[in-house]
Structures are given as structure tokens and as C-alpha cells.
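Comments concern the structure below.
The values are calculated or read from the model by the stated rules, or taken from the named source; none is laboratory data. Everything numeric here is computed off the predicted structure, so don't read it as measured data. Ideal geometry is used to build each Cβ from the backbone, glycine not excepted, and the neighbour counts take in all protein chains shown.
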Amino acid sequence: MPYQVGFWNLENLFAPEDFPDREPWIASAVGSDLRGWTETLFQRKIAQLASIIAQFSNNTGPDILGVCEVENRFVLDELVTAVNALLPTRDYGVVHADNTLDQRGIDTAFIFDQSVFSVDPTKVFSHFVMRRTGTRDITQATFRTNNDHQLIVMCNHWPARSSGTMETSGFRATAGETLSYWHERIREELGDDTPVLALGDFNDDPFDNSIRYNANAWRERGDVERSRSARFYNLAWNYHHQQVTDHRGDERVIDGTLYYRNNGNVFDQILANRSLLTGEGGLAIDESSARIEAFPQMVDHRANYGPIRFGLPKGKPSSNVNEDGFSDHFPVSVVVTDSI
């Protein structure tokens, strides 16, 4: 049976500005960014995001979707409600481990179809990536299929480059070491044949040292298949150039999952371990299915522009929000199948 697993950075999915259960320090941290972030704008963004998620897997929705830049469980529940309304044959639920230590209070999480997978809440972990100015987390969950195959998925959001690429590279190296450390611990605890996917917004490209050396994610499939160590195969190399249709109906090529100053970066990546290449753990990736989910309404028609973002008001909703937008990142996905 095929299972589509994806990831999407939802770009600042905060609850409305007057959300009563917001942590006071988060309200202070986001400051003026949420002024004008009304219930109407929040629900519009939820609807926009849900409309894209519902188009995954030929309009049937993903089986598992890792997400990041979500404020709390409330926004995840609202998103799941909206997606379930569009896909009545689905029964999406949420995996969420609250990360109260991030500077802006944003979390990683999963939504998943509860009729396809089960999740043991005692096997959900939040691995903190320590840094001087706060932490970000890697959420780990074990998904079990109806025929009792397990898939461990690790949802990442690594430290940003906002203070400079070189100045912050050490933080992402630490994140890579954290990911590879827990990958090795999983293998030690559960066996080398345990299927593991690591996906997320790594804030580095596939060729950067944090991915290649610290996370131990390789471009060469054969090297990962032959190795008995804790290596990943980086599927992002399969979609670093992809032909798409933009929102005006014109064909173009995108070379990134997000764009900064007209340059594409492939920060959103999917890493598969050896077990998923060989199928020895009961599940295998369909490498040819790895792709950027760039649906036409998301794709800006302007050359060297990427996804059409929704934005945050920052006190001026009329100029800083595009109600026809979605996120500043494209989603990515891959299909995993039963191998035995």
C-alpha cells in the first residue's frame, strides 16, 4: 500500500491576536507582528493552507504531514478540522509536543490519518536543539500501519540564518549532530532495520556541511545502501529543479522550496535511512515520487519568485498580508510503500 508522507513550513501560523490562552512571553516576543491578526485573517489562512493540503496525493490528501512554524495545539486542531471538512474520507489527527523554549514559541508537529496509522503517545519525543539564544525542537513520532509496520518520522526546524549564514552555521551544525545522534540511538534501541524518515526545514541546502557531515545525509544512494552506519539518503537532490505551472497557467522551472532575494534554496528536505532504501524493515521509499508540491495557485508568475506567501500583518494588514497567499515555503513529499 502506498503512503504519502510530506512536510510543510506553514509560515507563522499563529492564533489570532486576542487568543486568550497565549503564553504572555510569546505575546511579548511576537509583539507588533500580530497586531491586526484578526480571527477573520486567521481563518482565511487556515482555509488557504487546508486547500493545498487537500490537493496532496491526487486530491486525496497526505497520509502524514510534518509541519513547522505552528504556535500551539489550537492552530493544529483548527487546521485539521478544515482539512477533514474538505476530505470527508479522511480522519486527520494531530501529534504535537509543545516546545515552549523557542524564541517565538513555534513548534514542529504532525497531522496524520488516524484510519491509516496509529501513534503511541508514549513514543512521541521532542529533542531540543540547544543554542545560546533559545532552542528549536525535532519532534519524533512512531507511526504504525494497519499491517503492523512501523515508521519513525523526525520533523525538523533548524535554526534560521537571520543573523547571517556564517554566523549561525554552528547552530545548524548542532542541529545536524542532534538529528544524527538520535538516529543512532533509534538504531541501537530498535535495530538497524528500523525505517526512519527525517524531514523538515533545515535552513541549509543539501550540499551544506550541517546536512552532509553533521546530519550524515548523502547524495549517493549506493553509499547509504552499502553502509551499516547511521546515514541518510537525501531525496532533495531529486527535486532541486522541477517544472511547474504558475498561477497564471504558464510553465516554469523552480529551483528551490523557498526564495530569498530572488534566489532559490532547497531548505525543505526529506532524508531516508538505509532500511527505507532496502525495504528490510517492511517499508520502502519510492524515490521517483519525491517532489516539491508546487500547486499552480501557489506559484508566483514572476521569474525567481517562489511560493505566494500569506504574511503577517505587523500592524498593517492591508500592506503585509496577501489573503490569496499561502506560505513562504513550498511543501515537499515522498511515497512510502509496503515492501513485504
- Note on segment 158-197: residues touching a helix residue (DSSP H, G or I) at 6+ places or on another chain (Cβ under 6 Å) and small (Gly, Ala, Ser) are Ala173, Gly176
- Task: Give segment 312-340 a look and list any residue that's of a type outside the set (D, E, K, R), in contact (Cβ under 8 Å) with a residue 40 or more places away in the chain and more than 23 Å from Asn238 (Cα to Cα), or say none.
- Result: Leu312, Pro313, Gly315, Pro317, Val321, Gly325, Phe326, Ile340
- Given the conditions (1) more than 15 Å from Thr139 (Cβ to Cβ); (2) in contact with a His (Cβ under 8 Å, 6 or more places away or on another chain), every one holds for Cys68 apart from (1)
- Query: Name the pairs whose Cβ atoms lie under 9 Å apart, with the first residue in segment 290-301 and surrounded by fewer than 17 Cβ atoms within 10 Å (Cβ to Cβ), the second part of a strand (DSSP E or B), and 6 or more positions between them or separate chains?
  - Reply: Pro296/Val244; Pro296/Thr245; His301/Arg252
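To keep it simple, each residue is scored yes or no on (1) of a type in the set (D, E, K, R); (2) in contact with a Leu (Cβ under 8 Å, 6 or more places away or on another chain); (3) at pLDDT 95 or above.
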| position | (1), (2), (3) |
| --- | --- |
| Phe232 | no, yes, yes |
| Val253 | no, no, no |
| Asn265 | no, yes, yes |
| Asn273 | no, yes, yes |
| Met298 | no, no, yes |
| Ser319 | no, no, no |
| Val336 | no, yes, yes |
| Ser339 | no, yes, no |
- Might you check whether a residue that is at negative phi, among the small types (Gly, Ala, Ser) and modelled with pLDDT of 95 or more occurs anywhere in segment 26-42? no
- Query: Only one of Ala272, Ala198, Ala215, Ala236 is under 26 Å from Thr174 (Cβ atoms), in contact with a Ser or Thr (Cβ under 6 Å, 6 or more places away or on another chain) and surrounded by 23 or more Cβ atoms within 10 Å (Cβ to Cβ); which?
  - Reply: Ala215
- Item | Hits in segment 26-41 - residues which are charged (D, E, K, R) and within 18 Å of Glu69 (Cβ to Cβ) | Asp33
- Message: It is to be established whether one or more residues within segment 202-209 are touching a Pro at 6+ places or on another chain (Cβ under 8 Å) and touching a residue at least 60 places away in the same chain (Cβ under 8 Å).
- Response: yes
- Wholly within segment 244-285, which strands (runs of 3 or more DSSP E) include no fewer than the required count, namely at least 2 residues that are closer than 30 Å to Arg231 by Cα? 258-260, 263-265, 268-273
- Residues satisfying the stated conditions in segment 288-331, i.e. within 18 Å of the chain's Cα centre (by Cα), basic (Lys, Arg) and assigned to a loop (DSSP other than H, G, I, E, B): Arg309
